[in-house]
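Q: Provided herewith is a single structure, encoded as structure tokens, for subsequent inquiry.
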Amino acid sequence: MSIPCQLYSKSNKVPLFKKVILIFVALLILLSLAGSLALAQGNVLTDPPQTYELTRGWYEGRQTYYYDFGTNSQVGADDQTVVPAPIYVLVTGFNADGSPQVVEGQRNIIDVIPGDEGYSDLWEVTFVTVPEDYVANTITSAEEIISGGYEQTKAGFYVNCPVVPADSTLAEDGGTLTLGWYKGQDVSYFDFGMNPLDAAPIYVFITGFDGDDNPQFVEDQQNVIGVIPGDAGYSAFWQVNLVTVPAGYVANTITSVDQVLSSGYEIVTSDMVVNCPVLRTDAAAPASPTTLPQTGSQGMALSWLALAAGVAVLVSGWFLRTRAERL
């Protein structure tokens, strides 16, 4: 009787080559699942370019238009402010007035992108002081900044810079696509400028919740905001407030925050924050005149009086001229 040339694991007598195959198959399954998960979540480093369209909303009964970058940011423990992430700006020092001497040509550096723990569209500007002879873009990661022991200075302000796929565009501009560094890799973000930590309320209309506690949104109802750029308290970050309306509610019957608050409908403040920078808002309708033009019998009477006065002046002038000729 021949004995097959077969390898065994001494511990459990399972053929070793079978164990190797099983492990290999398990690794393939895990890699497949990881790839599927990454594909489902998206990856700004590999996703194709996107064009971000404008979304319509209501502001004091007027149409307002904003970009929607979603819910990538988190609200703080106070339920009112946005949790920022650091963005590193390299400088060689500061001027006498405190303004930074930014390294020309150096890209800003971030350490998180959408999907990473701690990511936020709102960034806390942090100045990193490097030597005078530093060569731009020698440093391309936060790890290099930290390991290099460079002095860091928080600027005291925040910027709204949502990270997006490379070469993405905006439907009507409003923000600048900028290149930065993320762990030594190119990364792109739109720069909408400075923004406070505070989030402003945005009102979203629902008719209730389903069995899984998912809100049932009112179809075609546009969200309602109470501040736009230039108003005190404006922020591009909005804390979602759910307004529960009756099943028979007609979409866009409510178009202002005053109407929301006076409606008596239940309002629930969520812990969800959306980044929706407002681009433009329709102009307010011209104000009605304080007095209306005269019409009807009174207006006609005034017109006749004016006509009579004019005739009297003409007759008086003719009479005086005729008398003078006779004299």
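The values are calculated or read from the model by the stated rules, or taken from the named source; none is laboratory data. Predicted model, so just to flag it, every value in this text is computed and none were measured. Neighbour counts run over all protein chains shown; Cβ positions are idealised from the backbone, glycine included.
Q: Restricting to the stretch 228-241, and then to whatever is in contact with a strand residue (DSSP E or B) (Cβ under 8 Å, 6 or more places away or on another chain) and more than 19 Å from V75 (Cα to Cα), can you tell me which residue is surrounded by the fewest Cβ atoms within 10 Å (Cβ to Cβ)?
A: That would be P229.
Q: All but one of (1) out of contact with any Gly (no Cβ under 8 Å at 6 or more places or on another chain); (2) loosely packed, with under 13 Cβ neighbours inside 10 Å; (3) modelled with pLDDT under 95 hold for M272; which doesn't?
A: Exception for M272: condition (2).
Q: Select from the stretch 71-91 the residues that are over 12 Å from D121 (Cα atoms) and surrounded by 16 or more Cβ atoms within 10 Å (Cβ to Cβ) and list them in ascending order.
A: T81, Y88, V89, L90, V91
Let's see how each residue does on (1) out of contact with any helix residue (DSSP H, G or I) (no Cβ under 9 Å at 6 or more places or on another chain); (2) assigned to a strand (DSSP E or B); (3) modelled with pLDDT under 95; (4) more than 30 Å from N223 (Cβ to Cβ):
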| position | (1), (2), (3), (4) |
| --- | --- |
| V20 | yes, no, yes, yes |
| F24 | yes, no, yes, yes |
| L27 | yes, no, yes, yes |
| Y66 | yes, yes, no, no |
| Q101 | yes, yes, no, yes |
| P114 | no, no, no, no |
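Q: Return a yes/no flag: does the stretch 220-236 have any residue that is more than 28 Å from A85 (Cβ to Cβ), free of Cβ contacts under 8 Å to residues at least 60 places away in the same chain and either aromatic (F, W, Y) or not assigned by TED's automatic domain parsing to the domain that holds A85 (or both).
A: yes
Q: For the structure I just gave you, tell me whether V125 is buried (at least 19 other Cβ atoms within 10 Å of the Cβ), in the same structural domain as T153 (by TED's automatic domain parsing) and under 19 Å from the mean Cα position of the chain (by Cα).
A: So V125 fits the description; yes.
Q: May I pose another question? Residues Y158, Y203: which one is of a type in the set (F, W, Y), over 13 Å from the mean Cα position of the chain (by Cα) and over 27 Å from Q259 (Cα atoms)?
A: When all the criteria are applied, what remains is Y158.
Q: What's the total number of residues in the stretch 68-99 that are hydrophobic (A, V, I, L, M, F, W, C) and assigned to a strand (DSSP E or B)?
A: Residues that pass the stated criteria total 8.
Q: For the stretch 242-258, what are the residues that are among the polar types (S, T, N, Q) and either touching a residue at least 24 places away in the same chain (Cβ under 8 Å) or closer than 22 Å to D79 by Cα (or both)?
A: Those that are among the polar types (S, T, N, Q) and either touching a residue at least 24 places away in the same chain (Cβ under 8 Å) or closer than 22 Å to D79 by Cα (or both): T244, N252, T255, S256.
Q: When you go through Y158, Y134 one by one, which is the residue that is touching a residue at least 12 places away in the same chain (Cβ under 8 Å) and over 24 Å from F69 (Cβ atoms)?
A: After ruling out the rest, the residue left standing is Y134.
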